[in-house]
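Novice: The structure that follows is given in the form of structure tokens.
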Amino acid sequence: MQYQPSSSHAPSYAPMGSALIQVEHLSHTIITKKQNIPILHDISFVVPEASLFVINGPSGSGKSTLLNMLTGIDRPTSGRILFAGEEIRAKGEDQLAKWRGRHVGIVFQFFQLILTLSAQENVLLAMELGGCRLPRRTWRQHALSCLNTVGLGAFAKRLPSELSGGQQQRVAIARALANDPPVLIADEPTGNLDSQSAQAIFQIFVQLTSHGKTIIYVTHDPTLARRASSGIELSDGRIVQSLPGSMSGGMQ
Ligand SMILES: Nc1ncnc2c1ncn2[C@@H]1O[C@H](COP(=O)(O)OP(=O)(O)OP(=O)(O)O)[C@@H](O)[C@H]1O
Ligand SMILES: [Mg+2]
């Protein structure tokens, strides 16, 4: 199934597959002293398990805002998000931080590695912060195996400054995998890379989905958007297009 970005206002509704994430009637308004700014309007979709799910749309359409809701970094004004049937919103801040550490790996456009730590130490830090449950004596080996997953085992001792942009992003993916979350969420993960490095990153995502991970990504690159197995397109905070499998018939 190929994603066709379009400005059509006719979303397609397909029977729900195995939904890992369900977003139901989510709306978000930013409230400032001067005004209320509506950002997202009645968004409903499902993310099938092990899918490569794209969120597409023009600048300012609400993609990053929506990702922040999916990671639990921000809470929607109304509506709800169910993650494997469990509502994210119901958790307190402490609980939510722990939940995020185990359930969601986040990949940023500008990598955001700790520059004074080696590739392996960056992964180890994520294990520490995410409350890794593996026995401590196995941590270094586990960090190395995360780096091997992205083809960078041999670069474990290097600092970020000794790696190319594409390699730094691969370390960032290894870090996101540190606590074996079922979902990776990536906001423009290839936005800062040349097309060859972007393809390499994408290939890793494809491989990860074949091992059962769900990848939710935002991209402006139409070639990478078309490779999604599922997804939605936003415009002005509304869904204007969706791939089959992204909409739940029961929610309309
Ligand atoms: N804190 C804020 N205060 C006011 N408006 C905001 C705030 N954060 C986001 N917005 C507005 O919300 C809208 C959606 O922003 P968002 O960052 O989600 O867009 P985006 O689709 O990720 O854009 P881009 O492709 O440029 O990253 C924009 O119009 C933006 O100006
Ligand atoms: Mg954005």
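The values are calculated or read from the model by the stated rules, or taken from the named source; none is laboratory data. Only a predicted model underlies this, so the values are computations on that prediction, with no experimental measurement involved. For neighbour counting, all protein chains shown are included, and Cβ atoms are generated from backbone atoms with ideal geometry for every residue, glycine included. Calculation scope for accessible area: heavy atoms of the full protein, side chains included, ligands and nucleic acids excluded. Shrake-Rupley method; radii C 1.70, N 1.55, O 1.52, S 1.80 Å.
Novice: Note down the magnitude of the dipole of segment 19-251 about its Cα centre, charges +1 on Lys and Arg C-beta and -1 on Asp and Glu C-beta and zero elsewhere, to the nearest 20 debye.
Specialist: Computed charge dipole of segment 19-251: roughly 540 debye.
Novice: Determine, from the Cβ-Cβ distance of Leu125 and Arg80 and an R0 of 30 Å, the FRET efficiency 1/(1 + (r/R0)^6), rounded to the nearest 0.05. Intermediate values should be presented prior to the final figure.
Specialist: On the way: r = 32 Å, r/R0 = 1.07.
Efficiency computed from Cβ-Cβ geometry: 0.40.
Novice: Let me ask something else. Top mean-square fluctuation among Thr209, Thr32, Thr116, Gaussian network model of the chain, C-alpha springs under 10 Å?
Specialist: With Cα springs under 10 Å in the chain, the top fluctuation among Thr209, Thr32, Thr116 is at Thr32.
Novice: Enumerate the whole-percent occupancy of each 10 Å bin, from 0 to the last occupied one, for all C-alpha pair distances of the chain.
Specialist: Pair shares across the bins are 7, 31, 35, 20, 6, 0.
Novice: Just to make sure I understand: if all protein chains stay in place, what is the order of Lys34, Lys98 by accessible area at 1.4 Å, largest first?
Specialist: Result, largest first: Lys34, Lys98.
Novice: Let me have the relative contact order for segment 19-251, percent, based on Cα pairs under 8 Å that are six or more residues apart.
Specialist: Answer for segment 19-251 is 31 percent.
Novice: Out of all Cα-Cα pairs in segment 166-252, roughly what percent, to the nearest whole number, are more than 21 Å apart? List each step's numbers first, then the result.
Specialist: Numbers: 1280 of 3741 pairs.
Value for segment 166-252: 34 percent of Cα pairs lie more than 21 Å apart.
Novice: Multiply the residue gap between Arg133 and Gln203 by 0.36 nm, knock off their C-alpha separation, and tell me the result in nm, one decimal place.
Specialist: Full-extension gain reported as 22.3 nm.
Novice: In the chain, what percent of the accessible surface is made up of carbon and sulfur (1.4 Å probe, ligands and nucleic acids excluded)?
Specialist: Summing carbon and sulfur atoms, their accessible area is 52 percent of the total for the chain.
Novice: Rounded to the nearest 10 Å², what accessible area does Asp194 show when all protein chains are kept and the probe is 1.4 Å?
Specialist: Accessible area, nearest 10 Å²: 90 Å².
Novice: Quick query: amide H of Leu20 versus all other amide H atoms, modeled in the peptide plane; which residues come in under 5 Å with a sequence gap of 5 or more or a different chain?
Specialist: Result for Leu20 returns Val47, Glu49.
Novice: Hey, how many Å between the Cα centroid of segment 80-140 and the Cα centroid of segment 45-69?
Specialist: Going from one Cα centre to the other spans 20 Å.
Novice: For the chain, with every protein chain kept in place, what is the accessible area per residue (1.4 Å probe, Å²)?
Specialist: 47 Å²
Novice: Determine how large the accessible area of Ser195 is when every protein chain is in place; take a 1.4 Å probe and give Å² rounded to the nearest 10.
Specialist: About 90 Å², ignoring ligands and nucleic acids.
Novice: Restricting the count to DSSP beta bridges whose residues both fall in segment 19-251, what percent are antiparallel, rounded to a multiple of 5?
Specialist: Values: 20 of 37 bridges.
Counting only bridges with both partners in segment 19-251, antiparallel ones make up about 55 percent.
Novice: By how many nm would the segment from Ala97 to Ser235 lengthen if fully extended, with 0.36 nm per residue of separation less the alpha-carbon distance?
Specialist: 46.7 nm
Novice: Compare the Cα positions of Gly60, Leu224, Val123 along the charge dipole of segment 19-251 (+1 at Cβ of Lys, Arg; -1 at Cβ of Asp, Glu; about the Cα centre) and return the one farthest towards the positive end.
Specialist: Of the listed residues, the answer is Val123.
Novice: Dividing the convex hull volume of the alpha carbon atoms of segment 60-194 by its residue count, what do you get in Å³ per residue?
Specialist: It is 119 Å³ per residue.
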